[in-house]
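Data block below; observations after.
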Amino acid sequence: MFEQILGLPVHVLVVHAVVVFVPLLALLAVAYVALPRFRSRLDWALGIFAVVAPVSAFLAVQSGEAFTDALVARGFQGQILDKIFDHSRYGDILFRIVVPLGIVALLLLVATSGHRRVPKLPALVTPVLSVAVVGLAVAALIYVYLTGHSGAETVWGTTL
């Protein structure tokens, strides 16, 4: 399932979704925290990206593992394999950041919704969730860069 689409490695295709959706989630989440006046305009997009970004990261990790297994089976070894494993470690960390970011962003949406079914929450809930969202968003942006850069270096580093 995670190996090929039309003869191309799935990983090569889905990483583009991660590079778009994770930064959008991070930026929307920070905007939601920093601009409470615009929350009613940002909430739907934040909710969508809080789900889509972790799913895209999951697909990237799974397809990356399948791609790595295929490369190992074809005899790749040495320095190139070390670079692939470094890239994989960054991707795993990114996934472990994006999932909590999505969850905390959704919790913040619920906490600030003002919906009558949401029970009255302690005053500290929104600030704590806001700090968590901003911290996770910054970490997600850093690891999107590190993961993407290490992957690009692995593929294109000696080409030009």
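The values are calculated or read from the model by the stated rules, or taken from the named source; none is laboratory data. What you see is a predicted model; the values in this text were computed from it and never measured. Ideal geometry is used to build each Cβ from the backbone, glycine not excepted, and the neighbour counts take in all protein chains shown. Keep in mind that these areas ignore ligands, DNA and RNA; they rest on the heavy atoms of the full protein, side chains included. Shrake-Rupley method; radii C 1.70, N 1.55, O 1.52, S 1.80 Å.
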Practice item. Inspect all residues belonging to the stretch 9-19 and state whether any of them is at pLDDT below 95, more than 18 Å from the chain's Cα centre (by Cα) and part of a helix (DSSP H, G or I). Key: no
Check your understanding: Which residue pairs have Cβ atoms under 6 Å apart, sit 6 or more places apart or on different chains, and have a first residue in the stretch 131-147 that is more than 17 Å from residue 103 (Cβ to Cβ) and a second that is hydrophobic (A, V, I, L, M, F, W, C) and open to solvent by less than 50 Å² (accessible area, probe 1.4 Å)?
Key -> 141/26; 144/22; 147/94
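If you take the residues in the stretch 71-91 that are within 14 Å of residue 15 (Cβ to Cβ) and open to solvent by less than 70 Å² (accessible area, probe 1.4 Å), which one is farthest from the chain's Cα centre (by Cα)? Break it down into steps so the answer makes sense when it comes.
First pass over the stretch 71-91, keeping only residues within 14 Å of residue 15 (Cβ to Cβ): 84, 87-88, 90-91.
This time we only want the ones that are open to solvent by less than 70 Å² (accessible area, probe 1.4 Å), so: 84, 87-88, 91.
Details: 84: 19, 87: 14, 88: 14, 91: 9 Å.
In this case the residue turns out to be 84.
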Practice item. Kindly indicate whether residue 31 is open to solvent by 10 Å² or more (accessible area, probe 1.4 Å), free of Cβ contacts under 8 Å to residues at least 60 places away in the same chain and part of a helix (DSSP H, G or I). Key: yes
Practice item. Return a yes/no flag: does the stretch 34-54 have any residue that is open to solvent by 40 Å² or more (accessible area, probe 1.4 Å), more than 29 Å from residue 9 (Cβ to Cβ) and among the polar types (S, T, N, Q). Key: yes
Check your understanding: If you scan the stretch 105-120, which residues turn out to be touching a residue at least 60 places away in the same chain (Cβ under 8 Å) and part of a helix (DSSP H, G or I)?
Key -> 105, 108, 109
Check your understanding: How many residues are more than 19 Å from residue 148 (Cα to Cα) and hydrophobic (A, V, I, L, M, F, W, C) when one looks only at the stretch 3-19?
Key -> 2
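Matching residues to (1) open to solvent by 60 Å² or more (accessible area, probe 1.4 Å); (2) over 22 Å from residue 45 (Cα atoms):
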site: 105; (1), (2): no, no
site: 113; (1), (2): yes, no
site: 119; (1), (2): yes, yes
site: 152; (1), (2): no, yes
site: 157; (1), (2): no, yes
